[in-house]
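Asker: Quick one: the structure is below, questions incoming.
The values are calculated or read from the model by the stated rules, or taken from the named source; none is laboratory data. Given the structure is predicted, the values throughout are model-derived calculations rather than measurements. Every residue, glycine among them, receives a Cβ derived from its backbone with ideal geometry; neighbour counts consider all protein chains shown. Just so you know, the surface numbers come from the protein's heavy atoms only, side chains and all, with ligands and any DNA or RNA stripped out. Shrake-Rupley method; radii C 1.70, N 1.55, O 1.52, S 1.80 Å.
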Amino acid sequence: MAGQGHEDAWPRPKTCRIISVANQKGGVGKTTTTVNIAAALAMHGQRVLVVDLDPQGNASTALGMERDAQTRSIYHCLVEDEEIRNLAQPVPDIPNLWCAPATIDLAGAEIELVSLVAREARLKRAFAAYDTTDLDYILIDCPPSLGLLTVNAMVACDEVMIPIQCEYYALEGLGQLLRNVELVKSHLNTGLSISTILLTMYDGRTRLSQQVAEEVRSHFGDLVLNTLVPRSVRVSEAPSYAQSVMTYDPTSTGAVAYLGAAREIAHRAEGLSAG
Ligand code: ADP
Ligand code: MG
């Protein structure tokens, strides 16, 4: 964790950046991206909270969150107004990183939220009641849908980061996601923008991966990070050890790529706070 030399000090945003990691497709790398970008930022002095908004709780698992029937989770925050400070837990072995875990209760939240007041703004309200002055980043791991949980994330955040898998059909469904971002922006959160696109599971040996990367870049231009995350076995192994790949195998190609992606994100903060 230590020993990254001069690179240890990355610029800190002036105020906490709240970023939703969203794509309604499953298996594109949302959770992997959330966990590893969060870990990389924390390892470089940023104070980071991961909010696990997926009932599957994969981010919580990868960050070593112990959960049982008594665990207060993001479900209680959304449905019962539990405060985030009461459920955020420190991530083992990574200083400066916390996680607000998900439990399986969250699977019911999509329906329970429907009848609640300000159902799209429950997470935003929870953030407003939470003192973020000691945080630099909140990363929200969204579920693979565009339902109320994802809408809550988009209402509560400033930026959307979209991981795109360098695979066949990569761009399918993206139009729907972009329209949803626009809808939330025009009706519920005028400050919302898509700030970052990350190409994941890139396989440079295949023409297909290269084509997808080119297509995404020609579509989204500067929003696309220069760093590509390659397909790497170590990345997929890490969660079964309740770890990020940043701690599990920091020298692996996947960890190096996520470090590069996190560095780009942190340095873009300078531009954001300046503008
Ligand atoms: P999502 O959250 O969008 O459903 P995940 O982050 O869970 O996607 O990733 C889906 C699967 O792909 C997981 O098994 C994960 O370990 C694997 N995976 C993600 N990124 C990589 C990568 N760069 N290399 C290899 N496997 C990956
Ligand atoms: Mg996921």
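Asker: Taking the conditions exactly as written (in a loop (DSSP other than H, G, I, E, B) and open to solvent by less than 60 Å² (accessible area, probe 1.4 Å)), does P55 satisfy them or not?
Answerer: yes
Asker: Can I ask one more? Can you confirm whether the stretch 201-216 contains a residue that is open to solvent by less than 20 Å² (accessible area, probe 1.4 Å), part of a loop (DSSP other than H, G, I, E, B) and either among the β-branched types (V, I, T) or within 24 Å of D54 (Cβ to Cβ) (or both)?
Answerer: No, every residue in the stretch 201-216 fails to be open to solvent by less than 20 Å² (accessible area, probe 1.4 Å), part of a loop (DSSP other than H, G, I, E, B) and either among the β-branched types (V, I, T) or within 24 Å of D54 (Cβ to Cβ) (or both).
Asker: So which pairs qualify, if the first residue must be in the stretch 39-60 and free of Cβ contacts under 8 Å to residues at least 60 places away in the same chain, the second must be in a helix (DSSP H, G or I), the Cβ gap must be under 8 Å, and the two must be at least 6 apart or on different chains?
Answerer: Listed by first residue and then by second, the contacts come to G45/D8; G57/L106.
Asker: If you don't mind, another one. What are the residues in the stretch 6-24 that are surrounded by fewer than 21 Cβ atoms within 10 Å (Cβ to Cβ) and either closer than 20 Å to T150 by Cβ or in contact with a Lys or Arg (Cβ under 6 Å, 6 or more places away or on another chain) (or both), if any?
Answerer: Q24
Asker: Considering each residue of the stretch 25-39, count those that are open to solvent by less than 10 Å² (accessible area, probe 1.4 Å) and either within 9 Å of the chain's Cα centre (by Cα) or more than 8 Å from ligand 1 (Cβ to nearest atom) (or both), and give that number.
Answerer: So the count comes out to 7.
Asker: Go through D141, D203 for me and flag whichever is among the charged types (D, E, K, R), within 14 Å of ligand 1 (Cβ to nearest atom), in contact with a Cys (Cβ under 8 Å, 6 or more places away or on another chain) and in contact (Cβ under 8 Å) with a residue 12 or more places away in the chain.
Answerer: Of the residues listed, the single one that is among the charged types (D, E, K, R), within 14 Å of ligand 1 (Cβ to nearest atom), in contact with a Cys (Cβ under 8 Å, 6 or more places away or on another chain) and in contact (Cβ under 8 Å) with a residue 12 or more places away in the chain is D203.
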